[in-house]
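**Q** Please find one structure pasted underneath; my questions will follow.
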Amino acid sequence: MAYEFSKVSNRIFGSEIREILKWTRKPGVISFGGGLPDAALFPIQDIIDITRDVLEKKGYLALQYGPTPGEEEFQEALIAHMAEFGDNAKKEQLCVTSSSQQGLDLLSLMFLDEDSPIIVELPSYLGGLQAFRRCGADMRGIHMDHAGMDIDHMERVLDDLQKEGKKPRFIYSIPDFQNPSGITMSLERRKRLIEIAQKREIPLLEDSPYRELSFIGEVLPSLWTLSGGKGVIQLRTFSKILFPGMRMGWIVADELFIKKIVLLKQSVDLCTPSFSQLILAEYISRGRMKRSIEKAIQRYRPKLEAMLTALDKYMPKEVKWSKPTGGMFLWLTLPERIDTKEIFMTAIEHNVAYVIGRPFHCDRSGGNTMRLNYSFPSVEQIEKGISYLAEAIKSIL
Ligand SMILES: Cc1ncc(COP(=O)(O)O)c(C=O)c1O
């Protein structure tokens, strides 16, 4: 059949991660593969109660079309929620989205043409890379270390681009407990990043789904706050701190950006469901969100500790890993000669699965890395799974 498809659709191809993660369904395999929250945390009864209340009291609003930037009540709840974590925003600076992934979609539509240069971290969030690749972006990767993006490297890449007569459309960063690496950007680097972005007039996309999940009782000031809102577009979501099933997120940015985002969103889905917004607004105003986040931290902290302890105990010394202080992921680096895709089936034979690192790198480097998730498996599974993984790696070394 000679159907013709768009260039955009032809740039999307099946993920090699999805292909190999099929193996996680093999009975007995402990998976560190997905990025799912622990379903034991889902506040099912609260949502049942609030849903009934919302339908009884505001059904006429909940089941209607709503304003594109979001229901006023929900926006007020978002402002209160942000303030709990040190960020201030006004209603005009918000646009509710169907989760962060829609935010990434809208921002790609807003900024990218074919071959538009952008700056991303090495490694970076797969869904972000996919959205940018779909638009044909020319992605330039920046190395990371334990303190986040290497800003000196970024400056060199910006200078190189300048020599080519190019300016990046944006810099994409995940500064808090990054997916996939678990790394948090230091305060000093945050400040330098903002200074450079502002001086060169490059927008900064701050994607921060894990910001609230700090296990050490503190969270660094966001890029949004440090920049005074100038040139930073922040993406937020309830997927990781509450549940992903309602697909609820929001963008925080200068009004200039929000106006454009709102117009683009109208062309995509008109509005995010009012029903879900009113339920979550009530959830937040009843003080439930704060409690949910505390519970998530209490549940995930011991899991991370169990993973770090097991890694110390079992892993051969050639293997290195990140030491996250929050979020859901940890990053393993093996000796250069080892390709984590090639040894994946050996891991499956040892009854353990992970996510290979290369797809997180826009330049296809990182073949010797892998991502481990600790939010979904139990503490017991984490201990066992890491010992299996260590055995698999030792059998190859
Ligand atoms: C860094 C980052 N951004 C965005 C998303 C998308 O999340 P959602 O669309 O569920 O809000 C994720 C999900 O894993 C993520 O890790």
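The values are calculated or read from the model by the stated rules, or taken from the named source; none is laboratory data. Computed from a predicted structure; not experimentally measured. Reconstructed Cβ throughout: ideal geometry from the backbone, glycine too, with neighbour counts over all protein chains shown. Areas reflect the complete protein model, heavy atoms only, side chains present, ligands, DNA and RNA absent. Shrake-Rupley method; radii C 1.70, N 1.55, O 1.52, S 1.80 Å.
**Q** When you check Ser173 against the structure, is it among the polar types (S, T, N, Q) and either away from the ligand (no atom under 14 Å from the Cβ) or out of contact with any Pro (no Cβ under 9 Å at 6 or more places or on another chain) (or both), yes or no?
**A** yes
**Q** Right, next: Filter the range 352-366 down to the residues that are surrounded by 18 or more Cβ atoms within 10 Å (Cβ to Cβ) and part of a loop (DSSP other than H, G, I, E, B) and list them by number.
**A** Tyr354, Gly357, His361, Cys362, Gly366
**Q** Another question, if that's okay. Tell me which of these Ala89 doesn't satisfy, since it passes every other one: (1) open to solvent by 10 Å² or more (accessible area, probe 1.4 Å); (2) within 14 Å of the ligand (Cβ to nearest atom); (3) not in a helix (DSSP H, G or I).
**A** For Ala89, the failing item is (2).
**Q** Can I ask one more? In the range 245-274, what count of residues is obtained for those that are open to solvent by 10 Å² or more (accessible area, probe 1.4 Å), within 16 Å of the ligand (Cβ to nearest atom) and part of a helix (DSSP H, G or I)?
**A** Total satisfying the criteria: 1.
**Q** Separate question: Restricting attention to the range 292-351, which residues are in contact (Cβ under 8 Å) with a residue 60 or more places away in the chain, under 23 Å from the mean Cα position of the chain (by Cα) and part of a loop (DSSP other than H, G, I, E, B)?
**A** Answer for the range 292-351, where residues must be in contact (Cβ under 8 Å) with a residue 60 or more places away in the chain, under 23 Å from the mean Cα position of the chain (by Cα) and part of a loop (DSSP other than H, G, I, E, B): Ser322, Lys323, Pro324, Thr325, Gly327, Met328, Lys341.
**Q** When only residues in the range 176-224 that are basic (Lys, Arg) and away from the ligand (no atom under 16 Å from the Cβ) count, which is surrounded by the fewest Cβ atoms within 10 Å (Cβ to Cβ)?
**A** Lys199
**Q** What residue, among those in the range 148-163 that are in contact (Cβ under 8 Å) with a residue 40 or more places away in the chain and more than 15 Å from the ligand (Cβ to nearest atom), is surrounded by the most Cβ atoms within 10 Å (Cβ to Cβ)?
**A** The qualifying residue surrounded by the most Cβ atoms within 10 Å (Cβ to Cβ) is Met154.
**Q** Evaluate the following for Ser98: is it open to solvent by 20 Å² or more (accessible area, probe 1.4 Å), within 13 Å of the ligand (Cβ to nearest atom), touching a residue at least 12 places away in the same chain (Cβ under 8 Å) and polar (S, T, N, Q)?
**A** Against the criterion (open to solvent by 20 Å² or more (accessible area, probe 1.4 Å), within 13 Å of the ligand (Cβ to nearest atom), touching a residue at least 12 places away in the same chain (Cβ under 8 Å) and polar (S, T, N, Q)), Ser98 qualifies.
**Q** So in the range 101-126, with the set limited to residues that are near the ligand (Cβ under 10 Å from one of its atoms) and open to solvent by 10 Å² or more (accessible area, probe 1.4 Å), which one is farthest from Glu72 (Cα to Cα)?
**A** Looking at the filtered set, the residue picked out is Leu126.
**Q** Quick one: what pairs do we get from the range 101-117, first residue closer than 21 Å to Lys240 by Cα and of a type in the set (A, V, I, L, M), second in a helix (DSSP H, G or I) and within 9 Å of the ligand (Cβ to nearest atom), C-beta under 7 Å, 6+ apart or different chains?
**A** Partner pairs satisfying both residue conditions: Leu104/Gly127; Leu104/Gly128.
**Q** Report whether or not Leu21 is in a helix (DSSP H, G or I), out of contact with any helix residue (DSSP H, G or I) (no Cβ under 7 Å at 6 or more places or on another chain) and under 26 Å from Met370 (Cβ atoms).
**A** Here the answer is yes, as Leu21 does meet what is asked.
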